[in-house]
1. Looking at (1) modelled with pLDDT of 95 or more; (2) outside any helix (DSSP H, G or I), which is the one condition that is false for Arg239?
2. Checking the structure you have, find out if any residue of segment 92-112 is touching a Leu at 6+ places or on another chain (Cβ under 8 Å), assigned to a strand (DSSP E or B), of a type in the set (Asp, Glu) and surrounded by 18 or more Cβ atoms within 10 Å (Cβ to Cβ).
3. Arg95 is checked against (1) among the basic types (Lys, Arg); (2) touching a helix residue (DSSP H, G or I) at 6+ places or on another chain (Cβ under 7 Å); (3) closer than 23 Å to Asp160 by Cα and fails just one. What number does that condition carry?
4. Filter segment 242-283 for residues that are among the aromatic types (Phe, Trp, Tyr) and assigned to a loop (DSSP other than H, G, I, E, B) and give the result.
5. Among the residues of segment 250-266, which ones are out of contact with any helix residue (DSSP H, G or I) (no Cβ under 6 Å at 6 or more places or on another chain) and farther than 15 Å from Val202 by Cβ?
6. I'm trying to understand the selection: among the residues of segment 183-220, which are over 20 Å from the mean Cα position of the chain (by Cα) and hydroxyl-bearing (Ser, Thr, Tyr)?
7. Among the listed residues Leu255, Leu272, Leu223, which satisfies the condition of being out of contact with any Gly (no Cβ under 8 Å at 6 or more places or on another chain), within 15 Å of Glu169 (Cβ to Cβ), surrounded by 17 or more Cβ atoms within 10 Å (Cβ to Cβ) and of a type outside the set (Asp, Glu)?
8. Check segment 178-187 and report whether any residue there is under 27 Å from Gln30 (Cα atoms) and outside any loop (DSSP other than H, G, I, E, B).
Amino acid sequence: MTKDVGKAERVPIFERDGGRMPCIGLGTFQATGDECRNAVKTALDVGYRHIDTARMYKNEKEVGAGIKESEVPREDIFLTTKLQMGQLDEEGVKRSCENSLSDLETDYVDLLLIHWPEESVPLKETLGAMSDLKQEGKIRHIGVSNFTVEWMQRAVSATDEEIFCNQIEYHPYIKQAPPMRFCGQRGIGIVAYSPLARGKAVNDSRLASIATKHGKTAAQIALRWLVRQDDVIAIPKGRSEEHIRQNFEIFDFELDHEDMEAIGKFERDQRLIDPDWAPEWDS
C-alpha cells in the first residue's frame, strides 16, 4: 500500500509488513570509495531516506560511513543490502549478513534481499535462515531480487514470512508485466533498478518533450512515471549533487493520463541486465 506523505515528508511511502520504504532511494551499484561515501551523505542531506547497497558491490563500508557523516538518525533511514552470491546456505546467509552489518556499522538492516535466485540451495533453507535473522532483530524485512514469477511462487511457498519486495530491472524500455502482476496481486513491492536505463532515458527526445511541458528533465519524467505506478519504488544512481538532487525532486508535479499513456507505448524489449547466472526471464 502506497501513501503520500515531503522534502522527505513529500515522498510517497510503500508500506508492507510494518515496514515503510520511501519510493525514491539512492542506488549505489558501481559506486566506490569517497565517491560512494559522498553520494550517500549528499543524498541524505538532500532528503533521501532510502539507501540501497549489496554485499556484491563491495561498498558497504563507504555506505555506512556516508550514513554516519550525514548525521541523519539511523532509525530514519530505510537501508537495504543483499546477500553475497554463492552464500545462500544457512551458514552463508548468516555470515553474509554479519559481514554486512559489520561493514555498514549498524545493528540491523531494514531489508535483506536474495540478490539472484540460485538452484544450488533450496529456497526453504535460505529463507529459513533469513527468518532466523529477522527473529533476532538483525533484519527487519525479507525480500528478493531478480526473481521471475516462477521463482516468486517458490519463495512465497517456502516461507511463512512476508516477502517485502522483488527488486528487478524496470524502466520505460522493458516489459515487466508478469512479475508486476504477480506482486501487485499480493501487495509485494517492485523496486526498480536501472530506472533510467543506464542513461538512455536522459537523452530520449520523447521524454524530453514531456519534460518541457512540466519544466523538468527527461530523467525526472522517467522516474515520475515509475513511482506513479502502484507499489513501485525507484533507486536511481547518482554521483554529482546536481543529479542526486534532480532525481529526488520528482514529487512536485504530476504526469497526466496523456503523459502516462505516451510513455506506456514505448518499445519494451530492451533488457540491459542479463548475466550468465540469470534465470529464464518471464516473456
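The values are calculated or read from the model by the stated rules, or taken from the named source; none is laboratory data. The model shown is predicted, which means the values in this text are computed figures rather than measured ones. Every residue, glycine among them, receives a Cβ derived from its backbone with ideal geometry; neighbour counts consider all protein chains shown.
1. (1)
2. yes
3. Arg95 satisfies every listed condition except (2).
4. Step one: list which residues in segment 242-283 are among the aromatic types (Phe, Trp, Tyr), which gives 248, 251, 253, 266, 277, 281.
Residues satisfying the conditions are Phe251, Phe253, Phe266, Trp277, Trp281.
5. Taking segment 250-266 as the starting set, the residues that turn out to be out of contact with any helix residue (DSSP H, G or I) (no Cβ under 6 Å at 6 or more places or on another chain) are 251-252, 254, 256-258, 260-262, 264-266.
Of everything in segment 250-266, those that are out of contact with any helix residue (DSSP H, G or I) (no Cβ under 6 Å at 6 or more places or on another chain) and farther than 15 Å from Val202 by Cβ turn out to be Phe251, Asp252, Glu254, Asp256, His257, Glu258, Met260, Glu261, Ala262, Gly264, Lys265.
6. First, pick out the residues of segment 183-220 that are over 20 Å from the mean Cα position of the chain (by Cα): 203-218.
If the condition is that a residue be over 20 Å from the mean Cα position of the chain (by Cα) and hydroxyl-bearing (Ser, Thr, Tyr), then Ser205, Ser209, Thr212, Thr217 are the ones that fit.
7. Values: Leu255 fails: within 15 Å of Glu169 (Cβ to Cβ); Leu272 fails: surrounded by 17 or more Cβ atoms within 10 Å (Cβ to Cβ).
It is Leu223.
8. Filtering segment 178-187 down to residues under 27 Å from Gln30 (Cα atoms) leaves 179-180.
Next cut, outside any loop (DSSP other than H, G, I, E, B) only: 179-180.
Within segment 178-187, one or more residues are under 27 Å from Gln30 (Cα atoms) and outside any loop (DSSP other than H, G, I, E, B).
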